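Have a look at the structure below before the remarks.
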Amino acid sequence: MSVQVPAVQRVVLVEGPSDAAVLRVLADARGRSLDDEGVDVISMGGATNIGHYLRRFGPRGRRLILAGLCDAREERFFRRALRGEGFSTRTRDEMARKGFYVCDVDLEDELLRALGVEAVEAILEREGELGLFRRFQWQPAQRQRAIHDQLHRFAGVRSGRKVRFAASMASELPREDVPAPLRALLEFVKPSDE
């Protein structure tokens with residue numbers, strides 16, 4: 001007997017692979033399979049590509065239900081592209097009503113604040129990277145920075161670490177501590193029959 005996977009009905013547009021990984025981890029931790037729900041999470045390769053994806057999947061394209069997540073510094077690209085497709089985006093609340101959410105700084109910052117420094121250092125220890133992080137902290141450019149900022153920077157200095165690190169942080173988040181933009185996005189794409 002084969003299980004039938006529903007056709008894609010909803011598309012979540014995210015900047016990169018770490019965003020996609022985090023959403024999938026958070027959904028899985030809550031007993032949800034985005035694939036089984038007909039939700040496709042697309043890593044766009046940067047926020048500036050959103051216009052292409054909105055045209056492809058939105059009202060002038062496949063007419064799928066759209067949602068998205070971006071960093072605060074990339075919000076302007078999302079707003080401009082959404083306006084170009086006829087979405088009202090004067091405020092973040094208007095964007096949220098359309099399914100598009102903004103991380104206060106960025107995804108990693110949201111996760112770091114939700115977990116706290118000690119929990120994030122425990123993740124690094126389990127993954128065998130705490131020693132590397134301690135050496136990183138002693139680099140001249142890092143010495144005067146707050147530990148939160150050091151952890152944030154450390155996440156992105158080696159290829160592949162950002163995705164793995166973000167997914168690990170997401171897997172440690174208690175349900176009640178999931179950052180608001182992530183929680184709201186997952187709720188937005190939840191099938192209506194649940």
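Some notes on this structure:
- Note on the stretch 43-74: residues that are buried (at least 18 other Cβ atoms within 10 Å of the Cβ), hydrophobic (A, V, I, L, M, F, W, C) and free of Cβ contacts under 8 Å to residues at least 40 places away in the same chain total 3.
- Count of the stretch 71-93 residues which are among the hydroxyl-bearing types (Ser, Thr, Tyr) and within 12 Å of Glu15 (Cβ to Cβ): 0
- None of Arg10, Arg24, Arg30 is more than 25 Å from Phe87 (Cα to Cα), of a type in the set (Lys, Arg) and touching a strand residue (DSSP E or B) at 6+ places or on another chain (Cβ under 8 Å) except Arg24.
- Meets criteria (surrounded by fewer than 20 Cβ atoms within 10 Å (Cβ to Cβ) and at pLDDT 95 or above) for Asp19: no
- Residue match in the stretch 80-94 (condition: touching a Lys or Arg at 6+ places or on another chain (Cβ under 9 Å), within 28 Å of Arg153 (Cα to Cα) and among the hydrophobic types (A, V, I, L, M, F, W, C)): no
- Among (1) assigned to a loop (DSSP other than H, G, I, E, B); (2) surrounded by fewer than 14 Cβ atoms within 10 Å (Cβ to Cβ); (3) not basic (Lys, Arg) - the single one Leu34 does not satisfy: (2)
- A count restricted to the stretch 136-152 and to residues that are assigned to a helix (DSSP H, G or I) and more than 21 Å from Val105 (Cα to Cα) stands at 2.
- Scanning the stretch 151-179 for residues that are closer than 20 Å to Ala72 by Cα, without any contact (Cβ under 8 Å) to a residue 60 or more places away in the chain and surrounded by fewer than 20 Cβ atoms within 10 Å (Cβ to Cβ) yields a count of 3.
The values are calculated or read from the model by the stated rules, or taken from the named source; none is laboratory data. None of these values were measured; they are calculated from a predicted model. A quick note on method: Cβ atoms are made from the backbone with ideal geometry, for glycine too, and the neighbour counts reach across all protein chains shown.
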